[in-house]
Amino acid sequence: MKNTVLTFGQAKKEHKKQTMLTAYDYSTAKLIDEAGVNSILVGDSLGMVCLGYEDTLSVTMEDMIHHTRAVTRGAKNALVVADMPFMSYQTSTYDAVVNAGRLIKEGHAQAVKLEGGATVCEQIRAIVNASIPVCAHIGMTPQSVNAFGGFKVQGKGEEAAQKILDDARRVQEAGAYAVVLECVPAALAKKITETLDIPTIGIGAGADCDAQVLVYQDMIAMFSDFTPKFAKTFANAGAVMMEGFKAYIKEVEEGTFPAKEHTFKMDETIIDKLY
Ligand code: KIV
Ligand code: NA
C-alpha cells in the first residue's frame with residue numbers, strides 16, 4: 001500500500017503505530033521500503049553518517065537533492081520526506097518555498113521536514129500553501145547545536161517543557177502534517193501526543209508517540225562514531241559487513257577468490273594466436 005501524508009494522519013485516529021527510518025541511497029531505500037516501513041526520511045543526518053561531518057550544519061541543498069533522488073528511485077510504497085538543510089529556510093519564507101520546491105521537483109520527495117517551532121511557522125504556512133506537505137521537528141533540533149551548546153535533551157524544566165508544548169501547537173496550527181519530537185522526556189512527548197491531532201514521530205521521546213524514527217545506521221550498529229542513548233541495536237549489520245570485508249581480503253590474499261565460477265571463459269586457442 002502506498003503511504004501518504006493522509007494515511008500517516010489516519011493511522012493516529014486508528015491508534016496504529018507508524019514507522020520511519022532514514023535512508024540516503026537507492027539500495028538501502030529499496031530494502032527499507034520492501035521491509036514495509038511506512039515512511040523514509042532523507043535526513044540531514046546525511047552529513048554525519050554518510051559524509052563524515054561532526055554535525056549537520058554543512059549539508060547543502062545540492063547534497064539533499066542528490067541523495068533524495070537516489071532514495072525516491074528505491075522507495076515504492078514508503079512516504080519519502082526530505083530534510084531542509086541548515087539555512088535553506090531560516091533566511092526567508094521565499095527561500096523556504098523555493099528550496100522546499102526543489103526537494104519535490106528535483107528530488108521527487110513527497111514532503112519536506114524543517115526544524116523549529118513558533119519561529120518557523122511563517123515558513124511552514126508558506127510551504128503548505130504551495131501544496132507541499134511539511135513535517136515539523138521540535139525538541140532537540142540538531143541544526144541549533146551551537147545555540148544549545150551541544151546535542152542534549154530538551155524540555156526537562158517547566159518553562160522549557162511549556163515552550164516545546166506551545167511549539168507543537170503552533171506547528172500544527174501552521175499546517176504541519178506531523179511533528180518529530182527529538183530527545184524530549186517521554187512524559188512530555190506523551191502530553192504533546194495527546195494534545196495534538198497530527199501524529200508525533202518520536203526519536204528519544206518514548207513509546208507514547210504515534211510513530212518512531214531512527215537513523216538506520218544507529219539501529220543496525222553500522223555507525224561507530226557515536227551511539228545515542230535511544231538507539232537500540234536490532235541487528236549487527238556493522239559486524240556482518242566487517243566479517244565480509246575481512247573474508248574478502250583473506251581470500252584474495254590466499255588466491256582462493258576469484259574461483260572458476262566467478263570467471264569468464266573464452267576459446268583459449270585464440271590466446272595462442274596472439275603475439
Ligand atoms: O536527520 C535526521 O536523520 C533526522 C531524524 C533524526 C529525525 O532529522
Ligand atoms: Na534532520
Please provide three numbers in whole Å: the alpha-carbon extents of the chain along the principal axes, with the largest listed first.
82, 39, 36
Report, in listed order, any pair from Lys30/Lys105; Lys17/Lys232; Lys76/Lys190; Lys2/Lys113 with a Cα-Cα distance greater than 24 Å.
Lys76/Lys190
For a Förster distance of 30 Å, can you work out the FRET efficiency between the beta-carbons of Thr119 and Lys16, rounded to the nearest 0.05?
0.40
Mean-square fluctuation maximum in Gaussian network of the chain, Cα pairs under 10 Å, restricted to His67, His15, His137, hits His15
Could you check what % of the DSSP bridge pairs in the chain are antiparallel, to the nearest 5?
5 percent
Taking amide H positions as placed in the peptide plane 1.01 Å from N, state which residues far from Lys113 in sequence (5 or more) or on other chains have amide H under 5 Å from it.
Ala82, Asp83, Met84, Cys135
With R₀ set to 35 angstrom, the calculated FRET efficiency between the beta-carbons of Ser144 and Ser27, to the nearest 0.05, is 0.60
Difference of contour (0.36 nm per residue) and Cα-Cα distance, Phe151 to His66
27.9 nm
If I build a Gaussian network model for the chain, linking alpha-carbon pairs within less than 10 angstrom, which residue out of Thr19, Thr72, Thr263 has the largest mean-square fluctuation?
Thr263
Starting from the 7 Å offset along Cα-to-Cβ, what nm value, one decimal, do you get for the label separation of Thr91 and Asp208?
4.1 nm
Given the options Ala189, Ala75, Ala207, state which has the largest fluctuation in a GNM of the chain using a 10 Å cut-off (strictly under) for Cα springs.
Ala207
Using alpha carbon centroids, what distance separates the stretch 229-260 and the stretch 177-196, in Å?
39 Å
Plugging the Cβ-Cβ distance of Leu57 and Ser131 into 1/(1 + (r/R0)^6) at R0 = 35 Å yields, to the nearest 0.05, a FRET efficiency of 0.75
Roughly what would the spin-label model give for Ala187 and Phe264, points 7 Å off Cα along C-beta, in nm?
6.7 nm
Cα coordinate range in the stretch 3-79, projected on the principal axes (Å, largest first):
40, 22, 18
Could you derive backbone 3J(HN,Hα) for the stretch 38-52 from the dihedral phi with the Karplus parameters 6.51, -1.76 and 1.60 (θ = phi - 60°), listing whole Hz in sequence and x where the residue is Gly or Pro?
5, 9, 10, 9, 8, x, 6, 4, 2, x, 8, 7, 10, 9, x
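All of the numbers you see were taken from the coordinates with simple rules; none came from a lab. Not measured: the values here are computed from a predicted model. In this analysis, Cβ positions are derived from the backbone assuming ideal geometry, glycine residues included, and neighbour counts consider all displayed protein chains.
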